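Reviewing the structure listed below.
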Amino acid sequence: RHGRTDGARGLRFTPVAPNEHDTVTVPAGHAQSVVIRWGEPILRGAPDFDPERQSARAQSGQFGYNNDFLSLLPLRGEHGRQVMVANHEYTTETLMFRDYDPENPTREQVEIAWAAHGLSVVVVEERRRSGALAPVPRHRLNRRITATTPFRITGPAAGAPLLRTGADPSGTRALGTFNNCAGGTTPWGTTLHGEENINIYFANGSRPTDQRYGIAPGATERKWERFDQRFDVAREPNEAHRFGWVVELDPFDPDSVPRKRTALGRFKHEGAQPRLTDDGRPVVYMGDDERFEYFYKFVSSQRMMRGTSRAAREHNLTLLDEGTLYVAKLTGDSPGEIDGSGRHPADGEFDGAGEWIPLATGEVSHVPGMTAEEVYVFTRLAADRAGATKMDRPEDVEPSPRTGRVYVALTNNTERGKPGKPGADEANPRVLNKHGQILELAEERDDPARERFAWRLFLVAGDPADPATYFAGFPKERVSPISCPDNVAFDPHGNMWISTDGNKLGSNDGLFGVATRGERRGELKQFLTVPVGAETCGPVIQDRRVLVAVQHPGELDGASVENPASTWPDGPGRIVRPAVVAVWRTDGRDIGV
Ligand code: FEO
Ligand code: CA
Ligand code: CA
Ligand code: CA
């Protein structure tokens, strides 16, 4: 059925077929261009990118590496311009530096990596008569946040003994952010950024809490501990506790100090997307991306103030400091055993009831045997004690802005059902789960502050010919194959868009759109694929364009600068570069209508 352009409003395009091309492949009738690449100068004084003459000083004024989450915010008073905020999750040194010796990185290489991590704020401008966007270098809002930028630690665990270090006895001032994966955009005009796999930067973990967070004994892969002792747990035991938070940034104030919000707990944060209650309090949904980990929400006790007055902006920067942190527990309703095949259970649907278990409210712990400080810093341990449900790697958890239903991308879990590991349950119904699933959650009475919810699986990913797959009941001969859902976003029509990481069906990763309502609910269509070795990240779907972050192109085993697996985006002989891509319709009309 290729060539069909029917579909739900917003999804009327010819689906892209699975492929392994070293390019971004878009539907017929669409065009694309790179918005910005790793290394492009954005700050005043930063030089043009030169892969043979990199420096930490240059990188700290240039767009960072491995773009992941993207947010596009309206910029009042500057026609055709928007503010783009990007995460730079991590560095891939073998693809950045010629002659990189993993056993002996140089100080300059390490400092370049510090500067290539973090966040970028860059104003982008529309190009006339197309959907293309181009950076506006040296704009006053442009900013780089790196692994060494000063942050304030706020909320109920700020200043706690577990957060105090030799360099910061106050426990309230941290340097830098790293492994920022997905994120969110708040209704009060700030952005949220999850600190995910922070364990990989810290050497010599030895405590049970280190083990629970994956901070391993011995040296790290990047050897940062040789250049700054704060990355050595044996020498600075609490520094690692200052990472693994949700970061909040005000991109409209280039002098603002970004915050780490301890009220939202510490784990391997993927995204953080808020929804307001009817009385204006933000509820933030969050995933902890690891096999058999949990998903969470934070319910603020404070109401958002409308408007952009100074008083409103200052007040709204306190919203994520006071409230209750919850973890999800799910119960299936099907009689009998879930057999692990993924085939539908006796009552016809993978579904059931759920409860949000409170872990802490402000300085009050709800977990017996743990103080509030411990609940926030060691949230995984608190959730273990609370009896939360162990999920198949919760990546993005996002509420639909149209319906309030919450979608949990469970990317995969190849360990489920192995000896000594948890077996299948109704929300995680496949053992050795390679392809993942997406769960749909409806809060009781559609109130995100409630403590009960109903849930069902919306999508069980894989090859539609596989009887274990499920597309919300839509006829499977009319959907695209999908594997490993990771980030989700919503378009202006209310459709959900899903980007993938780690396709196990023999294709490159890609971006998909799916209707969540109406008679086409479950009709999944592939919109694009990304180059060899890349993950599709940060989708933003606007009326006129789709934006994706092409992360880690060419990252395959054994690949290096001399021996590249991808030459995207600039072609043979040029260094592979993570980059942001815009896609639009050549006829100038809105996407998918
Ligand atoms: Fe950084 Fe969970 O992907
Ligand atoms: Ca991710
Ligand atoms: Ca059921
Ligand atoms: Ca991922």
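The values are calculated or read from the model by the stated rules, or taken from the named source; none is laboratory data. The model shown is predicted, which means the values in this text are computed figures rather than measured ones. Every residue, glycine as well, gets a Cβ built from its backbone with ideal geometry; the counts of neighbours run over all protein chains shown.
Listed values, structure above:
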read-out	value
Tabulated pairs, the stretch 320-349, first at pLDDT 85 or above, second within 16 Å of ligand 4 (Cβ to nearest atom) and not aliphatic (A, V, I, L, M), C-beta under 7 angstrom, 6+ apart or interchain	Ala328/Phe295
Sole residue being buried (at least 18 other Cβ atoms within 10 Å of the Cβ) and in contact (Cβ under 8 Å) with a residue 12 or more places away in the chain, chosen from Ala113, Ala17, Ala31	Ala113
Subset of the stretch 501-531 (residues that are more than 14 Å from Val546 (Cα to Cα) and touching a strand residue (DSSP E or B) at 6+ places or on another chain (Cβ under 6 Å))	Asp501, Asn508, Asp509, Val514, Thr516, Gly522, Leu524, Lys525
Every residue from the stretch 460-479 that is aliphatic (A, V, I, L, M) and within 16 Å of ligand 3 (Cβ to nearest atom)	Val460, Ala468, Ala472
Residue among Gly218, Gly265 that alone is touching a Ser or Thr at 6+ places or on another chain (Cβ under 8 Å) and on the phi > 0 side of the Ramachandran plot	Gly265
Residues (surrounded by fewer than 24 Cβ atoms within 10 Å (Cβ to Cβ), among the basic types (Lys, Arg) and under 18 Å from Ala472 (Cβ atoms)) located in the stretch 405-455	Arg405
Hits in the stretch 509-527 - residues which are hydrophobic (A, V, I, L, M, F, W, C) and surrounded by 24 or more Cβ atoms within 10 Å (Cβ to Cβ)	Leu511, Phe512, Val514, Leu524, Phe527
Hey, Val364 among the β-branched types (Val, Ile, Thr) and in contact (Cβ under 8 Å) with a residue 60 or more places away in the chain or not	no
Helices (runs of 4 or more DSSP H) completely within the stretch 53-122 that count 3 or more residues being more than 20 Å from Ile145 (Cβ to Cβ)	93-96, 107-116
Selection count, the stretch 157-186, where residues are closer than 24 Å to Arg222 by Cβ, in a strand (DSSP E or B) and more than 16 Å from ligand 4 (Cβ to nearest atom)	3
Filtered residue count, the stretch 335-351, keeping only those that are within 12 Å of ligand 3 (Cβ to nearest atom) and crowded, with 18+ Cβ neighbours inside 10 Å	4
Looking only at the stretch 370-397, and only at residues there that are in contact with a Lys or Arg (Cβ under 9 Å, 6 or more places away or on another chain) and part of a strand (DSSP E or B), the one that is nearest to ligand 2 (Cβ to nearest atom)	Val397
Subset of the stretch 495-530 [under 18 Å from the mean Cα position of the chain (by Cα), assigned to a loop (DSSP other than H, G, I, E, B) and not β-branched (Val, Ile, Thr)]	Asp501, Gly502, Asn503, Asp509
Among residues of the stretch 202-241, those that are closer than 30 Å to Asn142 by Cβ, buried (at least 20 other Cβ atoms within 10 Å of the Cβ) and either at pLDDT below 95 or in contact with a helix residue (DSSP H, G or I) (Cβ under 6 Å, 6 or more places away or on another chain) (or both), counted	4
Test result for Ala311, among the aliphatic types (A, V, I, L, M) and in contact (Cβ under 8 Å) with a residue 12 or more places away in the chain	no
Residue that is out of contact with any Gly (no Cβ under 6 Å at 6 or more places or on another chain), in a loop (DSSP other than H, G, I, E, B), more than 21 Å from Ala489 (Cα to Cα) and free of Cβ contacts under 8 Å to residues at least 24 places away in the same chain, where the choices are Thr5, Thr23	Thr5
Sole exception among (1) within 16 Å of ligand 4 (Cβ to nearest atom); (2) assigned to a loop (DSSP other than H, G, I, E, B) for Pro422, by number	(1)
Among the candidates Glu451, Glu443, residue that is among the acidic types (Asp, Glu) and in contact (Cβ under 8 Å) with a residue 60 or more places away in the chain	Glu451
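Yes/no per residue for (1) over 15 Å from Ile36 (Cα atoms); (2) assigned to a loop (DSSP other than H, G, I, E, B); (3) in contact with a helix residue (DSSP H, G or I) (Cβ under 9 Å, 6 or more places away or on another chain):
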{"site": "Val532", "(1), (2), (3)": "yes, yes, no"}
{"site": "Thr536", "(1), (2), (3)": "yes, no, no"}
{"site": "Val548", "(1), (2), (3)": "no, no, no"}
{"site": "Val576", "(1), (2), (3)": "no, yes, yes"}
{"site": "Gly588", "(1), (2), (3)": "yes, yes, no"}
{"site": "Val593", "(1), (2), (3)": "yes, yes, no"}
